[in-house]
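A.B. asks: Below: one structure in structure tokens.
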Amino acid sequence: MSRAVTLEFRKMRRLRTLPLLIGIITAVAALSAASLFAGSTRETFDDPAAAPWAALLLSYTMMAAMTSPILAAVLASRQTDIEHSGIGWTLASTAGRSPGALCRAKLAALAILLVPAVAAQSLLVVGIGVLAGIQVPLDLAPWALYTALLYLVDVAFCGLHIWLAARVENQLVSVGVGVLGAFLAVFSLLMPQGVSYVVPWGYYAVISHAGQSGGSVDYVTAPYGLVAGFLILVAVLFAWFTRRFDRIER
């Protein structure tokens with residue numbers, strides 16, 4: 001597996017995955033913090049009752065919900081399409097790596113890549129908040145928990161898109177599903193919470209650690225049990241799909 005993952009990182013270099021990822025991370029951080037430079041927002045920077053950090057986290061959550069499904073789809077699609085464009089599946093099988101094992105290696109590589117990416121994205125948002133002049137002390141716990149859950153949900157959707165991109169050669173299908181998922185993720189932030197539980201992309205809203213009630217914004221607690229159940233379900237489905245993929249290819 002370690003050799004297969006190393007090969008996936010070499011493919012990423014050819015695909016220029018890192019520059020793409022850096023560009024998206026920077027854009028998400030900038031858009032999340034854009035509201036900080038409005039005059040009305042700057043007036044709340046020294047007011048604990050206005051919860052400026054919670055408001056920034058809510059803005060970040062909305063931008064992440066809008067872009068993360070597309071990011072997962074694009075990363076998975078690019079990483080998988082390289083096998084379709086050549087004879088990658090055949091070459092991997094010749095080397096003793098089944099299609100399912102190759103999919104699992106792709107997910108492992110993307111999971112490793114997303115660790116610093118998601119962490120850097122959150123740190124950039126916080127850094128812009130500090131530079132903008134927020135004087136209220138930062139509560140690290142909700143930010144750290146949200147970042148960890150965002151990473152796990154991103155990895156879950158990378159797994160689903162790897163499987164979809166492997167089964168359907170036309171990569172517009174996988175990317176199109178990601179774009180649709182982005183709309184559903186954003187709308188899930190505005191819909192009743194119960195709806196978010198049954199829509200897969202709704203978990204980008206479920207993991208939110210900031211919410212708005214009336215005219216105020218404050219930190220909230222995510223339903224960790226439901227999120228864990230969703231992640232376990234995706235892991236089981238991915239394992240089942242990739243093993244079945246091996247049997248189909250044989």
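A.B. asks: For the range 145-221, list the helices (runs of 4 or more DSSP H) that sit wholly inside it and hold at least 3 residues that are crowded, with 20+ Cβ neighbours inside 10 Å and over 13 Å from the mean Cα position of the chain (by Cα); which are they?
C.D. replies: 171-188
Listed here are the residues, each with its yes/no results for (1) under 24 Å from the mean Cα position of the chain (by Cα); (2) hydroxyl-bearing (Ser, Thr, Tyr).
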{"residue": "Ala29", "(1), (2)": "yes, no"}
{"residue": "Ser40", "(1), (2)": "no, yes"}
{"residue": "Phe45", "(1), (2)": "no, no"}
{"residue": "Pro48", "(1), (2)": "no, no"}
{"residue": "Ala51", "(1), (2)": "no, no"}
{"residue": "Met62", "(1), (2)": "yes, no"}
{"residue": "Ser68", "(1), (2)": "yes, yes"}
{"residue": "Ala73", "(1), (2)": "yes, no"}
{"residue": "Ser77", "(1), (2)": "yes, yes"}
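A.B. asks: While we're looking at this one, here's another question. Taking into account only those residues within the range 185-199 that are without any contact (Cβ under 8 Å) to a residue 24 or more places away in the chain and touching a helix residue (DSSP H, G or I) at 6+ places or on another chain (Cβ under 6 Å), which is farthest from Pro69 (Cα to Cα)?
C.D. replies: Looking at the filtered set, the residue picked out is Ser196.
A.B. asks: May I ask you to list the residues in the range 12-27 that are under 21 Å from the mean Cα position of the chain (by Cα) and surrounded by fewer than 17 Cβ atoms within 10 Å (Cβ to Cβ)?
C.D. replies: Result: Arg13, Leu15, Arg16, Leu18, Pro19, Leu20, Ile22, Gly23, Thr26, Ala27.
A.B. asks: From the list Ile134, Ile112, Ile70, exactly one residue is hydrophobic (A, V, I, L, M, F, W, C) and at pLDDT below 90. Which is it?
C.D. replies: Exactly one residue qualifies, and that residue is Ile134.
The values are calculated or read from the model by the stated rules, or taken from the named source; none is laboratory data. These numbers were taken from a predicted model, which means no experiment stands behind them. Glycine gets a Cβ as well: all are built from the backbone with ideal geometry, and neighbour counts include every protein chain shown.
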